[in-house]
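*Asks:* Before we start, here is the structure in question, set down as C-alpha cells.
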Amino acid sequence: MIQMYNVSKIFDNGVKAVNDVTLHIPKGDFLFLVGPSGAGKSTLSKLIFREELATRGKVLFNKKNVARYKGKEVPLLRRNIGMVFQDFRLLPKKNVFDNVGFTLQVTGKGRREIKKSVPAVLKMVGLENKSEMFPKQLSGGEQQRACIARAIVNRPPLIIADEPTGNLDPVTSRDIMSLLLDINRRGTTVIVATHAWDIVNSMRQRVVALSAGQVVRDEEKGAYDRCR
Ligand code: ADP
C-alpha cells in the first residue's frame with residue numbers, strides 16, 4: 001500500500017527530519033512507529049498524508065506517487081487515510097454523532113447514509129450510548145474513541161494514529177490500542193506512532209524504530225527497546 005524509496009525531508013531551516021528512509025507497508029499491516037521525540041515519526045506520517053512533500057526520494061500510495069496529487073486532487077488521496085491525533089481535535093460545539101457524521105457530510109454523503117453509518121461505527125468503538133454527548137462531557141478515552149470513529153466512518157483503507165494514547169492513562173491506553181488492533185483485523189492498515197513502549201512490547205506487532213530520521217530497526221512481532 002505504501003512504498004517509500006530513499007525518502008528524505010529537509011525543512012527550510014536545514015533540519016533533516018527524515019533521512020534516506022526506504023520502507024514498505026503492505027495492505028493489512030499493523031505497524032508501530034517508535035523512537036524518541038524528534039526522531040521523525042510525525043514527519044514520516046505527514047509525508048504519507050502529503051501534508052509535507054519529500055525533498056528527495058519517492059512516496060507511493062497504492063502505487064501512485066503522492067507528489068503527483070495536485071491541488072484539488074489532494075483530498076482524493078486524503079480520503080484514503082483516517083487520521084487519529086493525540087489531542088483528539090473533535091469539534092467542541094458538535095455532539096459525538098455530528099462529529100463523526102461531519103466526515104461523511106464533507107465527502108458529500110446524504111442524511112440517510114449518515115443516519116445509517118454513524119450508529120454502526122459508534123457501536124464498533126463502544127460509544128453507542130454517548131452519541132448525544134459533547135466532547136467536553138466525555139473522558140479522554142471516550143474522546144479518543146470518538147476520534148477513531150470519525151477516522152474510520154468512511155472506511156478508509158489506512159489509519160494513521162499519531163501518539164493516540166499520549167494523553168491517556170495506562171489502562172485506557174491499552175483499550176485504545178486494542179481497538180486499533182480490532183480495526184486492523186477487520187482489514188484496515190494501521191500505523192501507530194507511539195512512545196508507549198510497554199504496550200508495544202506486549203502487542204508483538206511490526207515495529208519500525210526511527211532515530212534521527214533514519215530507520216534503525218524494522219522487526220515483525222518486535223519490541224520497543226527503551227534503551228536504544
Ligand atoms: P517526532 O514525531 O518523532 O517527535 P518530528 O517528525 O515531529 O519528530 O520532528 C523531527 C525533526 O524535525 C525535529 O528535529 C523537529 O524539530 C523537526 N521539524 C518538524 N517539523 C518541522 C518544521 N515544520 N520545520 C522545521 N523543523 C521541523
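The values are calculated or read from the model by the stated rules, or taken from the named source; none is laboratory data. Quick caveat, the model's predicted, so the values are computed rather than measured. Glycine also receives a Cβ, built like all others from the backbone with ideal geometry; neighbour counts cover every protein chain displayed.
*Asks:* Can you tell which of Asn201, Asn167, Asn154 is surrounded by fewer than 20 Cβ atoms within 10 Å (Cβ to Cβ) and within 16 Å of the ligand (Cβ to nearest atom)?
*Replies:* Residue meeting the stated conditions: Asn167.
Okay, residues lined up against (1) in a loop (DSSP other than H, G, I, E, B); (2) crowded, with 19+ Cβ neighbours inside 10 Å:
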| position | (1), (2) |
| --- | --- |
| Lys116 | no, no |
| Leu122 | no, yes |
| Asn129 | yes, no |
| Ala146 | no, yes |
| Ala149 | no, yes |
| Ile160 | no, yes |
| Asp175 | no, no |
| Leu179 | no, yes |
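*Asks:* Okay, moving on. Would you point out which residue out of Asn95, Asn65, Asn99 is under 20 Å from the mean Cα position of the chain (by Cα), at pLDDT 95 or above and crowded, with 17+ Cβ neighbours inside 10 Å?
*Replies:* Only one candidate passes the filter, namely Asn99.
*Asks:* Among the residues of segment 9-27, what is the count of those that are away from the ligand (no atom under 12 Å from the Cβ) and out of contact with any Leu (no Cβ under 9 Å at 6 or more places or on another chain)?
*Replies:* Total satisfying the criteria: 4.
*Asks:* Cβ-Cβ under 6 Å, sequence separation 6+ or interchain: first residue in segment 200-218 and assigned by TED's automatic domain parsing to the domain that holds Pro170 and without any contact (Cβ under 8 Å) to a residue 60 or more places away in the chain, partner of a type outside the set (Ser, Thr, Tyr) and surrounded by fewer than 16 Cβ atoms within 10 Å (Cβ to Cβ). Which pairs?
*Replies:* Partner pairs satisfying both residue conditions: Arg204/Lys221.
*Asks:* Right, something else. Which residue out of Lys70, Lys63, Lys46 is within 16 Å of the ligand (Cβ to nearest atom), basic (Lys, Arg) and either under 21 Å from Pro164 (Cβ atoms) or outside the structural domain of Lys130 (by TED's automatic domain parsing) (or both)?
*Replies:* Lys46
*Asks:* Follow-up question, since we're still on this one. Restricting attention to segment 47-67, report how many residues are part of a strand (DSSP E or B) and within 18 Å of Phe11 (Cβ to Cβ).
*Replies:* The qualifying residues number 3.
*Asks:* Then there's this: Working only within segment 202-212, note down all residues that are in a helix (DSSP H, G or I) and in contact with a strand residue (DSSP E or B) (Cβ under 9 Å, 6 or more places away or on another chain).
*Replies:* Result: Met203, single match.
*Asks:* From the list Leu44, Leu31, exactly one residue is part of a helix (DSSP H, G or I), closer than 26 Å to Arg145 by Cα and either at pLDDT 95 or above or not hydroxyl-bearing (Ser, Thr, Tyr) (or both). Which is it?
*Replies:* Leu44
*Asks:* Surrounded by 14 or more Cβ atoms within 10 Å (Cβ to Cβ) and modelled with pLDDT under 95: is that true of Met133 in this structure?
*Replies:* no
*Asks:* Within segment 38-62, track down each residue that is within 12 Å of the chain's Cα centre (by Cα) and more than 19 Å from Gly28 (Cβ to Cβ).
*Replies:* Lys41, Ser42, Leu44, Lys46, Phe49, listed by residue number.
*Asks:* Only one of (1) more than 14 Å from the ligand (Cβ to nearest atom); (2) surrounded by fewer than 13 Cβ atoms within 10 Å (Cβ to Cβ) fails for Phe30. Which number is that?
*Replies:* Result: Phe30 passes all but (2).
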